[in-house]
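Visitor: Once you've had a glance at the structure underneath, I'll fire off some questions.
The values are calculated or read from the model by the stated rules, or taken from the named source; none is laboratory data. No experiment lies behind these values; they were computed from the predicted model shown. Note that we place each Cβ from the backbone using ideal geometry, even for glycine, and neighbour counts take in every protein chain shown. Heavy atoms of the whole protein, side chains included, go into the accessibility calculation; ligands, DNA and RNA do not. Shrake-Rupley method; radii C 1.70, N 1.55, O 1.52, S 1.80 Å.
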Amino acid sequence: MKVFDTPEEMRAWSMERIREGKTIGFAPTMGALHAGHESLMRRSAEENDVSVLSVFVNPTQFGPNEDFDKYPRTFEADCTLAEKTGQQAVYAPHARVMYPEGFATYVDVERLTAGLCGASRPGHFRGVTTVVSKLLNAVLPTRLYLGQKDAQQAAVLRRMARDLDFGVEVVVCPTIREADGLAMSSRNRYLSTEERE
């Protein structure tokens, strides 16, 4: 399994696969992988000739009082799971590569981002759509795999892909739940027993 940390390296690898006539599946993540991510990776590997995972904790989708600094980062374990689920590549860029000094271009999807999570987290979806645009431009996938758990995010990214002519098929996969019914999330580890209930 290859690990790339620049868009140039990732794109060169993907373009070689495309020249070989292969389809590319892609699941974008912030890491701290769990069974929900695993289901996306397995489906991507099953439905495509090659499969790519990204691991990037994206600073632009976190608000000023959110958990960017304490968000769990488990890169080695993530790579182990990625290889186990048939990923041929992991794209793990650094923030300075994704957002170099002077970065000034963002992607906004209107209307769909106005309510729900968008109302309580101003700027969140602008960060999500911008980073996923950049990831798509580096990975060049045939299919993009997203979790149904983040329903608004999936709808926003589907619209973005359509409106901006990314030429990628958006595949939304079912929510994976823990034994007690809670939707799996990397942030579940923050919850006390009472909060979890």
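Visitor: Could you list, in sequence order, the residues of the range 68-83 that are closer than 16 Å to Val50 by Cβ and open to solvent by 50 Å² or more (accessible area, probe 1.4 Å)?
Guide: Glu83, the sole residue that qualifies.
Visitor: Tally up the residues in the range 60-71 that are outside any loop (DSSP other than H, G, I, E, B) and within 23 Å of Glu38 (Cα to Cα), please.
Guide: To start, the set of residues in the range 60-71 that are outside any loop (DSSP other than H, G, I, E, B) comprises 60-61.
From what's left, within 23 Å of Glu38 (Cα to Cα): 61.
Final tally of qualifying residues: 1.
Visitor: Going by the conditions given, is Arg43 touching a strand residue (DSSP E or B) at 6+ places or on another chain (Cβ under 7 Å), open to solvent by 20 Å² or more (accessible area, probe 1.4 Å), of a type in the set (D, E, K, R) and in contact (Cβ under 8 Å) with a residue 24 or more places away in the chain?
Guide: Yes.
Visitor: Here's a follow-up. Taking the range 88-105 as the region of interest, how many residues are free of Cβ contacts under 8 Å to residues at least 12 places away in the same chain, in a loop (DSSP other than H, G, I, E, B) and either among the hydrophobic types (A, V, I, L, M, F, W, C) or closer than 16 Å to Glu9 by Cα (or both)?
Guide: Looking only at that region, the number is 2.
Visitor: Moving on to the next point. Among the residues of the range 112-126, write down those that are more than 20 Å from Tyr145 (Cβ to Cβ) and touching a Lys or Arg at 6+ places or on another chain (Cβ under 9 Å).
Guide: Scanning the range 112-126 gives a single hit, Thr113.
Visitor: Taking the range 46-67 as the search range and keeping residues that are more than 19 Å from Ala161 (Cβ to Cβ) and touching a Phe, Trp or Tyr at 6+ places or on another chain (Cβ under 7 Å), which one is most open to solvent (accessible area, probe 1.4 Å)?
Guide: First, pick out the residues of the range 46-67 that are more than 19 Å from Ala161 (Cβ to Cβ): 46, 49-50, 55, 57, 59, 62-67.
Filter once more, keeping what is touching a Phe, Trp or Tyr at 6+ places or on another chain (Cβ under 7 Å): 55, 57, 59, 62.
On the way: Val55: 18, Val57: 23, Pro59: 44, Phe62: 25 Å².
My answer is Pro59.
Visitor: Next question. Within the range 4-17, which residues are buried (at least 16 other Cβ atoms within 10 Å of the Cβ) and touching a residue at least 12 places away in the same chain (Cβ under 8 Å)?
Guide: Phe4, Pro7, Met10, Arg11, Trp13, Ser14, Arg17 - these are the residues of the range 4-17 that are buried (at least 16 other Cβ atoms within 10 Å of the Cβ) and touching a residue at least 12 places away in the same chain (Cβ under 8 Å).
Visitor: Would you confirm whether or not the range 102-117 contains a residue that is surrounded by 16 or more Cβ atoms within 10 Å (Cβ to Cβ), aromatic (Phe, Trp, Tyr) and farther than 19 Å from Ala161 by Cβ?
Guide: As a first pass, look at the range 102-117 and keep what is surrounded by 16 or more Cβ atoms within 10 Å (Cβ to Cβ): 107, 109, 112-113.
Narrowing further to those that are aromatic (Phe, Trp, Tyr): none.
Looking through the range 102-117, none of the residues is surrounded by 16 or more Cβ atoms within 10 Å (Cβ to Cβ), aromatic (Phe, Trp, Tyr) and farther than 19 Å from Ala161 by Cβ.
Visitor: Here is a follow-up. Identify all residues within the range 148-171 that are crowded, with 17+ Cβ neighbours inside 10 Å and either in contact with a Pro (Cβ under 8 Å, 6 or more places away or on another chain) or assigned to a helix (DSSP H, G or I) (or both); write none if there are none.
Guide: Gln153, Ala154, Ala155, Val156, Leu157, Arg158, Arg159, Met160, Ala161, Val168 - these are the residues of the range 148-171 that are crowded, with 17+ Cβ neighbours inside 10 Å and either in contact with a Pro (Cβ under 8 Å, 6 or more places away or on another chain) or assigned to a helix (DSSP H, G or I) (or both).
Visitor: Please determine, by comparing only the residues of the range 107-125 that are in contact (Cβ under 8 Å) with a residue 40 or more places away in the chain and not in a helix (DSSP H, G or I), which one is nearest to Lys22 (Cα to Cα).
Guide: Only one residue tops the list, namely Val107.
Visitor: Sticking with this structure for a sec: For the range 172-184, enumerate the residues that are open to solvent by 30 Å² or more (accessible area, probe 1.4 Å) and either at pLDDT 95 or above or touching a Gly at 6+ places or on another chain (Cβ under 9 Å) (or both).
Guide: Residues satisfying the conditions are Val172, Pro174, Thr175, Ile176, Arg177, Met184.
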